Amino acid sequence: LLDIGHDLGRAALNARTFEHEHELVTELQALDTYKSQLIATVSHELKSPLTTVWGHLEMLESETLPIAPEARLSLDAISRASRRMSRVIEDLLLLRKVGETAKPLAPTPVDLVELVHDALAMTALSAQAKQLRIDLDLPSEPVHARGEADELDKVVLNVVSNAVKYTPDGRGIRVVLAPGERDDQVVLAVHDEGIGISEADQEQLFSEFFRSTNPEAVAQPGTGLGLAIVQRIVHRHGGEVAVRSALGAGSSFTITLPAHRGALSS
Ligand code: ADP
């Protein structure tokens, strides 16, 4: 889909000459708007047939009649593929939801300690299966950022689940929540002893659809949209996200967010 968008864009640009830079900028902005509308329309259109697929899958899986083993294998494959498709569509819709044309924030106090525990619960099965060591450095009191709970939830979940996904068996992850340099900030840091990210890859890490070509990273399923979503959400909250990493030595993602007044003031 994006390739089609790029090709259309390139064709449109090649077909015209631009006398002034601002004409080119306007044209590029129009193409960008077109691209996000195309993505949104296609995602919406794919969502409803997929809901039908899910409905039928559930019906077949709950069927009391015996299902032949070969048919069971096919059902499992369809189920996995549909789950992956749903994830891509949800991510595409979320990317647009938090993009430049997003609704303004309606911030409330959001407890980051709770979000970290939620994210760890969501990823617990994978972490246990890989026998990862999880080390937590969280205050015993709630730590309130100022923002939208469902968006910050995605941020924490994406960064924690990446740490779990890209850390080999038996190694460790450390999650730290602390006051920022300024007392109106809070900082969440997720360190892992995972496969690490090359310097070249770090430059593109937050771009839509970027996935490292490192074979150890490619082996993991993913859409390349998670960190683009993280960055957009953090920026629209007035925060910052930074990465420090070295190939083979692990990664640290540090997210600075505005604190809700009074958070971590002691
Ligand atoms: P996804 O994980 O779905 O591919 P993301 O946008 O979350 O997409 O991440 C983009 C890429 O950045 C990943 O494909 C992976 O190559 C790399 N990456 C992200 N987090 C980590 C991490 N903690 N350790 C190593 N590589 C990572």
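Each value in this text was obtained by applying a stated rule to the coordinates, not by laboratory testing. Here the structure is a predicted model, which is why all the values come from computation and not from measurement. Note that each Cβ is placed from the backbone with ideal geometry, even for glycine, and that neighbours are counted across all protein chains shown.
Descriptive notes on the structure:
- With 0.36 nm allotted per residue and the present C-alpha distance subtracted, the residue 76-residue 56 stretch has 5.9 nm of extension available.
- Considering only 247, 185, 85, the residue lying farthest towards the positive end of the dipole of the chain is 85, judged by Cα position with unit charges set on Cβ.
- By the count of neighbouring beta-carbon atoms within 10 Å, fewest first, 20, 260, 44 end up ordered 20, 44, 260.
- Per-residue Karplus couplings for segment 24-41, computed as 6.51 cos²θ - 1.76 cosθ + 1.60 with θ equal to phi - 60°, are listed in order as 5, 4, 4, 4, 5, 5, 5, 5, 5, 4, 4, 4, 5, 5, 4, 4, 5, 5 Hz, Gly and Pro entered as x.
- Computed from backbone phi with θ = phi - 60° and the Karplus coefficients 6.51, -1.76 and 1.60, the 3J(HN,Hα) list for segment 227-240 is 6, 5, 5, 4, 5, 4, 5, 4, 5, 6, 8, x, x, 9 Hz; x is used for glycine and proline.
- Computed about its Cα centre, the charge dipole of segment 132-266 is approximately 100 debye, with only Lys, Arg, Asp and Glu carrying charge at their Cβ.
- Karplus 3J(HN,Hα) series, Hz, for segment 208-215 with 6.51 cos²θ - 1.76 cosθ + 1.60 (x for Gly, Pro): 4, 6, 6, 10, 5, 8, 3, x
- Sequence of 50, 132 once ranked by neighbouring C-beta atoms within 10 Å, starting from the fewest: 50, 132
- With contacts taken as Cα pairs under 8 Å and at least 6 residues apart, segment 36-165 reaches a relative contact order of 28 percent.
- Eligible lysines near residue 97 by straight Cα distance, threshold 30 Å, same-chain separation 8 or greater: 35, 47, 154, 165
- Dipole-positive endmost among 230, 259, 48 within the chain (Cβ charges, Cα centre): 48
- Each Lys and Arg contributes +1 and each Asp and Glu -1, all at the Cβ; summed about the Cα centre of the chain, the dipole is approximately 300 debye.
- Cα-based shape type of segment 82-228, given that a ≥ b ≥ c are square roots of the gyration tensor eigenvalues and the cut on a/c is 1.5: oblate
- Dipole of segment 33-168 [Lys/Arg +1, Asp/Glu -1 at C-beta], most positive-end residue of 138, 105, 33: 33
- Segment 23-56 and segment 98-177 have Cα centres separated by 28 Å.
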